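Notes to accompany the following structure.
Here, each number is a calculation from the coordinates, and none is a lab measurement. Bear in mind the structure is a predicted one, so any value in this text is a computation, not a measurement. Cβ coordinates were reconstructed from backbone atoms using ideal geometry, including for glycine residues, and neighbour counts include every protein chain displayed.
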Amino acid sequence: MQAAKNTVVAFTYTITDVADQVLEVRDEPTAVLIGHRNIIRGLESALAGHSSGDQFIVTVEPEDAYGLRRPDWTQRVPKKYFARPNRLKAGMVTQLRTEEGVKPVTVIKVGGKVVDVDLNHPQAGKTLNFDVTITDVREATREELAHGHAHGAHGAHH
């Protein structure tokens, strides 16, 4: 079976930047429902047409990954919106709960009651190389299609 819209693709990957620096390694398969915007556009497009066992490298430009870097996209946020505000330090990447869900942010400065953060994704503006191995391709279940994302081996837990 080939990866296409409404199939679930499980894959492992390594992400490197243009300097060949390793940014992330995922040895355990990640499962995604194709065609539902669950991963970056460039990677989702590259998975299409591939089958279990396929290995390939795809280069994804910023526009099809995490977008271009917006230098002025910063915000001052009260510390109460962070899980462990007393551990925050400038340069750290942490999670911020927003109306759109949890998103990674980079700490710029920590004050007494507020934290200045860079709202750009840590990989924004970067060209990314994905070294991908597809471990499985299957039809999505009705439940996965209704929920808009892949479920694990034991069904939905949300």
inquiry  = Per 0.36 nm of contour for each residue apart, how much would the distance between Lys103 and Asn6 grow if the chain were fully extended, relative to their Cα-Cα spacing?
reply    = 32.4 nm
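For each of Glu28, Glu61, count neighbouring Cβ atoms within 10 Å of the residue's Cβ, then give the residues from fewest to most. List each step's numbers first, then the result.
Numbers: Glu28 7, Glu61 11.
Ordered by Cβ neighbours within 10 Å, fewest first: Glu28, Glu61.
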request  = Report the extension gain between Val58 and Arg84 in nm, rounded to one decimal, defined as 0.36 nm multiplied by the number of residues separating them, less their alpha carbon distance.
outcome  = 5.7 nm
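Scale the Cα Rg of the range 74-118 by the rule-of-thumb value 2.2 N^0.38 Å and send over the ratio, two decimals. Display every interim value, and only then the final one.
Working: Rg = 9.2 Å, N = 45, 2.2 N^0.38 = 9.3 Å.
That ratio works out to 0.99.
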request  = Sort Leu145, Leu96, Leu128 so that the residue with the fewest other Cβ atoms within 10 Å of its own Cβ comes first and the one with the most comes last.
outcome  = Leu145, Leu96, Leu128
query = What is the dipole size for the chain, taken about its Cα centre, with +1 at each Lys and Arg Cβ and -1 at each Asp and Glu Cβ, in debye to the nearest 20?
reply = 1100
Subset of Lys80/Lys126; Lys89/Lys126; Lys80/Lys109; Lys79/Lys109 violating a 20 Å alpha-carbon distance limit = Lys80/Lys126; Lys89/Lys126
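Evaluated at 10 °C with a viscosity of 1.306 mPa s, what Stokes-Einstein diffusion coefficient in µm²/s does the chain have when Rh comes from the Kirkwood expression over alpha-carbon pairs?
Answer from the Stokes-Einstein relation: 91 µm²/s.
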key: Those aspartates and glutamates that a straight Cα-Cα span of less than 16 Å connects to Lys103, excepting residues fewer than 8 apart in one chain   = Asp116, Asp118
